[in-house]
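K.L.:
This is the structure I want to talk about, given as structure tokens.
The values are calculated or read from the model by the stated rules, or taken from the named source; none is laboratory data. Everything quoted here is computed from the prediction, not taken from an experiment. No Cβ is skipped: glycine too gets one built from the backbone with ideal geometry, and neighbour counts run over all protein chains shown. Side chains are part of the model used for accessible areas, which takes the heavy atoms of the whole protein and leaves out ligands, DNA and RNA. Shrake-Rupley method; radii C 1.70, N 1.55, O 1.52, S 1.80 Å.
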Amino acid sequence: MQYIAPIGVGVLYALLMSLVREPHRRRLNALMVGGAGAAYLSGGGLGGWEFAFTALLTYVAFRGLESWTWIGAGWLLHTVWDVVHHIKGNPIIPFAHTSSMGCAICDPVIAVWCLRGGPSLIAWARNRRWPGQRHPDATTDVDSGSETAGPDRAVTPASATPG
């Protein structure tokens, strides 16, 4: 359970963040990854390196204000930091010895979601497709508004219609 629960936490994080509309969702996630960069400061397990890592993730979070890729990279950097802390024995939650490993399992789940552009999981569950993908039975691509062919319908270019 200690390996499965962090995956669920990562999915729950993405699901809850899906309630926030863009562009606020991206900006909020940039703030979250910036905060994650400072999560180990109070423990001080790696001395001055804790400040260097916090500065690095602050820069990544700043870039993430306009880019999901930077946010995803920030979560992957935090994953590496979690593993280092787990190996050194300085957990993110002082009284929970395996908390850094749990965080190292959770963070890549969030990172993958961010690297996909932080799509709304709620919209995906409703439509069973990611933004930008056509639904097989669609007559209109909802994301771009362009007309597409359905199972019994051919698309006629606008220039070919009499007018």
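K.L.:
Please list, ordered by residue number, the helices (runs of 4 or more DSSP H) wholly in segment 67-130 having 3 or more residues that are open to solvent by less than 40 Å² (accessible area, probe 1.4 Å). I'd like the intermediate steps shown before the answer.
P.N.:
Details: elements: 68-88, 99-115, 121-127.
Result: 68-88, 99-115.
K.L.:
Any residue at all in segment 83-100 that's touching a residue at least 60 places away in the same chain (Cβ under 8 Å) and either more than 16 Å from the chain's Cα centre (by Cα) or more than 18 Å from GLY10 (Cβ to Cβ) (or both)? Quick ask: steps written out before the conclusion?
P.N.:
If we filter segment 83-100 for residues that are touching a residue at least 60 places away in the same chain (Cβ under 8 Å), which is where we start, we get 98.
Going one step further and asking which of them are either more than 16 Å from the chain's Cα centre (by Cα) or more than 18 Å from GLY10 (Cβ to Cβ) (or both), we end up with 98.
Within segment 83-100, one or more residues are touching a residue at least 60 places away in the same chain (Cβ under 8 Å) and either more than 16 Å from the chain's Cα centre (by Cα) or more than 18 Å from GLY10 (Cβ to Cβ) (or both).
K.L.:
Looking only at segment 14-45, filter to residues that are outside any helix (DSSP H, G or I) and open to solvent by less than 30 Å² (accessible area, probe 1.4 Å); which one of those is nearest to ILE122 (Cα to Cα)?
P.N.:
First, the residues of segment 14-45 that are outside any helix (DSSP H, G or I): 18-23, 38-45.
Still in the running and open to solvent by less than 30 Å² (accessible area, probe 1.4 Å): 18, 40, 45.
Working: SER18: 6, TYR40: 32, GLY45: 39 Å.
Out of the qualifying residues, it is SER18.
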